[in-house]
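A.B. asks: Structure provided below as structure tokens; questions to follow.
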Amino acid sequence: MINDYYPFINKPLPYAYDALEPFIDAKTLEVHHSKLLQNYVNNLNNLLRDKPYLQQLSLEELIQNSSLIPGNLAVQIRNNAGGVYNHRLYFDSLSENILIPPSDALKAEIEIYFGDYINFLSKLRDAALSVFGSGYVWLVYDEGKLRIVTTPNQNCPVEQYMYPLLNIDVWEHSYFIKYYNDRKSYIDALLNIINWSVVSERYSYIKNLTLV
Ligand code: MN3
């Protein structure tokens, strides 16, 4: 569902707006989904409305090929297709259930690249805090390896053919109503409600695909 085609729709969240309380407040989640993400969906549909050749590309293909699109349209497609993709992944990576553990297979892989799970969470937190201004921190599968990367604005690692497993939105609109400018408290809260079973499914999907 992350990777679909024009006309794009803003699908409902898999949980209620107040389901992530007290970690993420209902007002923040409602504005984030029903206004900010909806706006990216509307903008992207408007950009593609009179361009049937672009309507044939999936959301991922639009992101991967945005540099081939002429002129200012490329930037607009990149920002808005990225805005849709990145937010869908973010919302789908959260859960109303707390402290879901990663699968044994993903945990073992995390231990290979980051020492142990606690150290991994600490590196993820540090990377999230290192983003200057607006952007995201990501756990990606890149050429057979797990990596933590950051992107500015609505840029997406799919542009570089990395496979995103998890992202965290660190734009201030993700946390300002409840946490003001305290990004660290937001990240610490969010780490309680990562849907590691969904992230583990993404990992097992791409791992099996690349082993073939
Ligand atoms: Mn956002």
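The values are calculated or read from the model by the stated rules, or taken from the named source; none is laboratory data. Because the structure is predicted, anything quoted here is derived from the model rather than measured. Glycine gets a Cβ as well: all are built from the backbone with ideal geometry, and neighbour counts include every protein chain shown.
A.B. asks: For residues in the range 92-106 being polar (S, T, N, Q) and within 21 Å of residue 207 (Cα to Cα), which is farthest from the ligand (Cβ to nearest atom)? Give the steps one after another, and end with the answer.
C.D. replies: We begin by selecting, within the range 92-106, every residue polar (S, T, N, Q); these are 93, 95, 97, 103.
Imposing the further condition that a residue be within 21 Å of residue 207 (Cα to Cα) reduces the set to 93, 103.
Working: 93: 13, 103: 27 Å.
My answer is 103.
A.B. asks: Provide a single number: the residues in the range 1-20 that are acidic (Asp, Glu) and within 22 Å of residue 192 (Cα to Cα).
C.D. replies: As a first pass, look at the range 1-20 and keep what is acidic (Asp, Glu): 4, 18.
After this cut, where a residue has to be within 22 Å of residue 192 (Cα to Cα) as well, the list is 18.
Selection size over the range 1-20: 1.
A.B. asks: Listed residues 36, 29, 89; which is within 13 Å of the ligand (Cβ to nearest atom) and in contact with a Pro (Cβ under 7 Å, 6 or more places away or on another chain)?
C.D. replies: Working: 36 fails: in contact with a Pro (Cβ under 7 Å, 6 or more places away or on another chain); 29 fails: in contact with a Pro (Cβ under 7 Å, 6 or more places away or on another chain).
Just one listed residue meets the conditions, 89.
A.B. asks: Restricting to the range 156-176, name every residue that is surrounded by fewer than 22 Cβ atoms within 10 Å (Cβ to Cβ) and away from the ligand (no atom under 13 Å from the Cβ).
C.D. replies: Let us first name the residues in the range 156-176 that are surrounded by fewer than 22 Cβ atoms within 10 Å (Cβ to Cβ), namely 159-163, 171-173, 176.
Matches in the range 156-176: 159, 160, 161, 162, 163.
Here's the yes/no breakdown for (1) free of Cβ contacts under 8 Å to residues at least 60 places away in the same chain; (2) assigned to a helix (DSSP H, G or I):
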residue	(1), (2)
15	no, no
20	no, no
29	yes, yes
36	no, yes
53	yes, yes
60	no, yes
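A.B. asks: Shifting gears a bit: Tell me which residues, restricted to the range 136-181, are within 10 Å of the chain's Cα centre (by Cα) and in a strand (DSSP E or B).
C.D. replies: 136, 137, 138, 139, 164, 165, 166, 167, 168, 169
A.B. asks: Additional query: Looking at (1) away from the ligand (no atom under 13 Å from the Cβ); (2) buried (at least 20 other Cβ atoms within 10 Å of the Cβ), which one does residue 111 not meet, given that it meets all the others?
C.D. replies: Evaluating residue 111 over (1) away from the ligand (no atom under 13 Å from the Cβ); (2) buried (at least 20 other Cβ atoms within 10 Å of the Cβ) leaves (2) as the failure.
A.B. asks: List the pairs whose first member sits in the range 172-192 and is within 11 Å of residue 25 (Cα to Cα), whose second member is acidic (Asp, Glu) and within 16 Å of the ligand (Cβ to nearest atom), and whose Cβ atoms are under 9 Å apart, counting only residues at least 6 apart or on separate chains?
C.D. replies: If the second residue must be acidic (Asp, Glu) and within 16 Å of the ligand (Cβ to nearest atom), the pairs left are 175/169; 177/25; 178/25.
A.B. asks: Here is a follow-up. Just to be sure, is residue 40 surrounded by fewer than 16 Cβ atoms within 10 Å (Cβ to Cβ) and hydroxyl-bearing (Ser, Thr, Tyr)? First the steps, then the outcome.
C.D. replies: On the way: surrounded by fewer than 16 Cβ atoms within 10 Å (Cβ to Cβ): no; hydroxyl-bearing (Ser, Thr, Tyr): yes.
For residue 40, the condition - surrounded by fewer than 16 Cβ atoms within 10 Å (Cβ to Cβ) and hydroxyl-bearing (Ser, Thr, Tyr) - is not met.
A.B. asks: Residues in the range 75-86 that are among the polar types (S, T, N, Q) and either more than 16 Å from the ligand (Cβ to nearest atom) or in contact with a Pro (Cβ under 9 Å, 6 or more places away or on another chain) (or both): how many?
C.D. replies: The initial filter retains those residues of the range 75-86 that are among the polar types (S, T, N, Q), namely 76, 79-80, 86.
Then keep just the ones that are either more than 16 Å from the ligand (Cβ to nearest atom) or in contact with a Pro (Cβ under 9 Å, 6 or more places away or on another chain) (or both); that gives 76, 86.
Qualifying residue count, the range 75-86: 2.
A.B. asks: On to the next question. State the number of residues belonging to the range 23-69 that are modelled with pLDDT under 95 and closer than 16 Å to residue 94 by Cβ.
C.D. replies: Matching residues across the range 23-69 total 0.
A.B. asks: Got a sec? Which of 118, 187 is hydrophobic (A, V, I, L, M, F, W, C) and under 16 Å from the mean Cα position of the chain (by Cα)? Spell out the reasoning first.
C.D. replies: Working: 118 fails: under 16 Å from the mean Cα position of the chain (by Cα).
Just a single option satisfies the conditions, and that option is 187.
A.B. asks: Right, here's the next one. Filter the range 177-188 down to the residues that are touching a strand residue (DSSP E or B) at 6+ places or on another chain (Cβ under 9 Å) and exposed (fewer than 13 other Cβ atoms within 10 Å of the Cβ) and list them by number.
C.D. replies: Selection gives nothing.
A.B. asks: When the range 116-157 is examined, which residues are found to be among the charged types (D, E, K, R) and under 22 Å from residue 103 (Cβ atoms)?
C.D. replies: So the first thing to find is which residues in the range 116-157 are among the charged types (D, E, K, R), and the list is 116, 123, 125-126, 142-143, 145, 147.
Passing the criteria: 116, 123, 125, 142, 143, 145, 147.
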